[in-house]
Amino acid sequence: MIDRKAFRKDFEQMQQALARRDEGLVAKGSAWARAHALDTVQRDMKAQSEALQAERNRVSKLIGQKKRQGNDASEELARMSEVGKQSKQLDAEAKEAELAFSNALLEIPNPPHGSVPDGVDENDNIEIRRWGEPRQDDVPAHWDIGEALGILDFDAGVKLAGSRFSVLRGAAARLERALIQFMLDMHADQHHYEEVWVPAIANRKTLTGTGQLPKFEDDLYRLEGEDAFLIPTAEVPVTNLYQDNIINIADLPIKHCAYSPCFRREAGSAGRDTRGMIRQHQFDKVELVQLVHPDDALTALDELTQHAAAVLEALELPYRVVDLCAGDIGFSAQKTFDLEVWLPSHSCYREISSCSSFAQFQGRRAGIRFRTESGKPEAVATVNGSGLAIGRTLVAILENGWQIDENGNDFVVIPEKLRSYMGGLAKISAA
RNA sequence: GGAGAGAUGGCUGAGUGGCUGAAAGCGCACCCCUGCUAAGGGUGUAUAGGUUUACCCCUAUCGAGGGUUCGAAUCCCUCUCUCUCCGCCA
């Protein structure tokens, strides 16, 4: 959530920043425009209501005093009867206006950081650097490799649950599990994130805290009969671990890694990546989350991005780092670096991790604060990123490790660092 | 799922209509005292919003929402959560 005071004070500046995402965000009828219109109205109404409440409180106190002393207070009583009703009415109206205002605020995205490049979509993202040698020979798509080896079963996923679900068998199932463990170990032991394990269901307040709600309810699976949802990422429960807390400044930064399944309806992506494991309704992910002092957010983002990249390097998967443009960063993010892994079957880089700084946007929404030197509570900054998406990593390993032996049989070389997690297995061959 | 009990500040815990934003204790911070230590004394210590250079002041908040009342932590209703017992269960 944007800062209310800054909203008034730095209005122009914020508006320009938001317009860099999309002109429509600040156009007539936008949440931004609504909030702007409601702000003064809302405060005036509140001031009025409070003045009346003050009057009511004052006289009520007087009545109490008089009664205690045995004096007659009927005159005040008669007068206050009316004031009480009026006050209730005003208060209700003021609350309604305040609610409309804060609802509008909740739908305003984070103004991008000044360093975020201009642009409207992924074509305007800027490549920062590359790592590794992308293989250029012809490689089959992972679904062909997986089916040839008998380890990926898309038909079974469809039968059990529907489209965009899949079943892993044998070495692929083990690879999924090995990757989770490998990544968690690396982040916990080498990068010093405290591992947590969290629920895969979150309530409305929690999802509002990280910014998925109220705007993106259609992207979530909602539980029938409950105001709760399957989480789209572990970022949601892990960040909200500190919801409504005031953190001791000495405890910052707080760093957590977590594995969780993730559930996404993919409502807006009909027809995209319909084959294979790239875009599933359910997928596994190891997530990195940091709560930091606002001054440290961008440094932490660099650090966290490198932590995610370290996984790709350990797995010998070529990748590049992309600085997302203003039109392509997510709702809550102030700045985002994507890690894209090389997929030889399509000769392109595909997103495998998205690392963002949210500045104080989530901290304000979720009520996660720390105490400054002066003793005043202030919202923490949050930084998070995938470290990494497991399914896409599995895809990348299948394609980048794919080989053909002298008899013309497919096999996949398992990255060396992963072998101990695979019971020593060095390559996956057809069963 | 059934029955009962409960939810108050960083914590423990008083408080059944006004003098309670809230006793007392603990914790924490600062100060004083004591040669050191131990003990002791004093002061302060919620959050949000409004106003303000700042202080002050005003408003709200005792799980959440609504109601009764001039006035609600306290009375009434609804909901949520926690605990105990029973049932079921990986």
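The values are calculated or read from the model by the stated rules, or taken from the named source; none is laboratory data. This is a predicted model, so every value here is computed, not measured. Cβ atoms come from the backbone with ideal geometry, glycine included; neighbour counts cover every protein chain shown. Just so you know, the surface numbers come from the protein's heavy atoms only, side chains and all, with ligands and any DNA or RNA stripped out. Shrake-Rupley method; radii C 1.70, N 1.55, O 1.52, S 1.80 Å.
Show the residue pairs that are 6+ apart or on different chains and have beta-carbon atoms under 6 Å apart, the first residue being within region A:66-91 and without any contact (Cβ under 8 Å) to a residue 24 or more places away in the chain, the second being near RNA strand B (Cβ under 7 Å from one of its atoms).
Close Cβ pairs satisfying both conditions: A:Ala73/A:Ile63; A:Ala73/A:Lys67; A:Glu76/A:Val59; A:Glu76/A:Ile63.
Can you say whether A:Pro232 is of a type outside the set (Ser, Thr, Tyr), open to solvent by less than 60 Å² (accessible area, probe 1.4 Å) and in contact with a Lys or Arg (Cβ under 7 Å, 6 or more places away or on another chain), as far as the supplied structure shows?
Criteria met by A:Pro232.
Restricting to region A:68-94, name every residue that is more than 21 Å from A:Ala47 (Cβ to Cβ) and not hydroxyl-bearing (Ser, Thr, Tyr).
Of everything in region A:68-94, those that are more than 21 Å from A:Ala47 (Cβ to Cβ) and not hydroxyl-bearing (Ser, Thr, Tyr) turn out to be A:Arg68, A:Gln69, A:Gly70, A:Asn71, A:Asp72, A:Ala73, A:Glu75, A:Glu76, A:Leu77, A:Ala78, A:Arg79.
Do the conditions hold for A:Ile128, that is, is it within 16 Å of RNA strand B (Cβ to nearest atom), aliphatic (A, V, I, L, M) and either assigned to a helix (DSSP H, G or I) or out of contact with any His (no Cβ under 7 Å at 6 or more places or on another chain) (or both)? Please lay out each step first, then the result.
Numbers: within 16 Å of RNA strand B (Cβ to nearest atom): no; aliphatic (A, V, I, L, M): yes; either assigned to a helix (DSSP H, G or I) or out of contact with any His (no Cβ under 7 Å at 6 or more places or on another chain) (or both): yes.
No; evaluated as a whole, the condition is false for this residue.
Restricting attention to region A:77-96, does a residue exist that is in a helix (DSSP H, G or I) and under 30 Å from A:Gly330 (Cα atoms)?
For region A:77-96, residues in a helix (DSSP H, G or I) and under 30 Å from A:Gly330 (Cα atoms): present.
Might you let me know whether region A:385-398 holds any residue that is within 30 Å of A:Leu149 (Cβ to Cβ) and without any contact (Cβ under 8 Å) to a residue 40 or more places away in the chain?
Within region A:385-398, none of the residues are within 30 Å of A:Leu149 (Cβ to Cβ) and without any contact (Cβ under 8 Å) to a residue 40 or more places away in the chain.
I want to confirm something. Restricting to region A:9-65 and keeping residues that are within 16 Å of RNA strand B (Cβ to nearest atom), of a type in the set (S, T, N, Q) and open to solvent by less than 40 Å² (accessible area, probe 1.4 Å), which single residue is farthest from A:His113 (Cα to Cα)?
A:Ser49
Of the conditions (1) closer than 30 Å to A:Ala333 by Cα; (2) more than 8 Å from RNA strand B (Cβ to nearest atom); (3) open to solvent by 60 Å² or more (accessible area, probe 1.4 Å), A:Asp72 satisfies every one except a single condition; which number is it?
Status for A:Asp72: all satisfied but (1).
From the list A:Arg4, A:Arg79, which one is in contact with an Asp or Glu (Cβ under 9 Å, 6 or more places away or on another chain) and either within 8 Å of RNA strand B (Cβ to nearest atom) or open to solvent by 30 Å² or more (accessible area, probe 1.4 Å) (or both)?
A:Arg4
Among the numbered conditions (1) closer than 17 Å to A:Ala6 by Cα; (2) small (Gly, Ala, Ser); (3) not in a helix (DSSP H, G or I), tell me where A:Ala35 comes up short.
Against the list (1) closer than 17 Å to A:Ala6 by Cα; (2) small (Gly, Ala, Ser); (3) not in a helix (DSSP H, G or I), A:Ala35 comes up short only on (3).
Provide a single number: the residues in region A:38-76 that are more than 30 Å from A:Ile108 (Cα to Cα) and in a helix (DSSP H, G or I).
Residues meeting the conditions: 21.
Working only within region A:179-207, note down all residues that are in contact with a Leu (Cβ under 7 Å, 6 or more places away or on another chain), buried (at least 18 other Cβ atoms within 10 Å of the Cβ) and part of a helix (DSSP H, G or I).
Answer for region A:179-207, where residues must be in contact with a Leu (Cβ under 7 Å, 6 or more places away or on another chain), buried (at least 18 other Cβ atoms within 10 Å of the Cβ) and part of a helix (DSSP H, G or I): A:Leu179, A:Phe182, A:Met183, A:His187, A:Leu207.
Which numbered condition trips up A:Glu373, out of (1) more than 16 Å from RNA strand B (Cβ to nearest atom); (2) out of contact with any strand residue (DSSP E or B) (no Cβ under 9 Å at 6 or more places or on another chain); (3) among the charged types (D, E, K, R)?
Status for A:Glu373: all satisfied but (1).
Quick one: is A:Glu303 buried (at least 22 other Cβ atoms within 10 Å of the Cβ), modelled with pLDDT of 95 or more and either within 28 Å of A:Ala172 (Cβ to Cβ) or charged (D, E, K, R) (or both)?
Numbers: buried (at least 22 other Cβ atoms within 10 Å of the Cβ): no; modelled with pLDDT of 95 or more: yes; either within 28 Å of A:Ala172 (Cβ to Cβ) or charged (D, E, K, R) (or both): yes.
The answer is no for A:Glu303.
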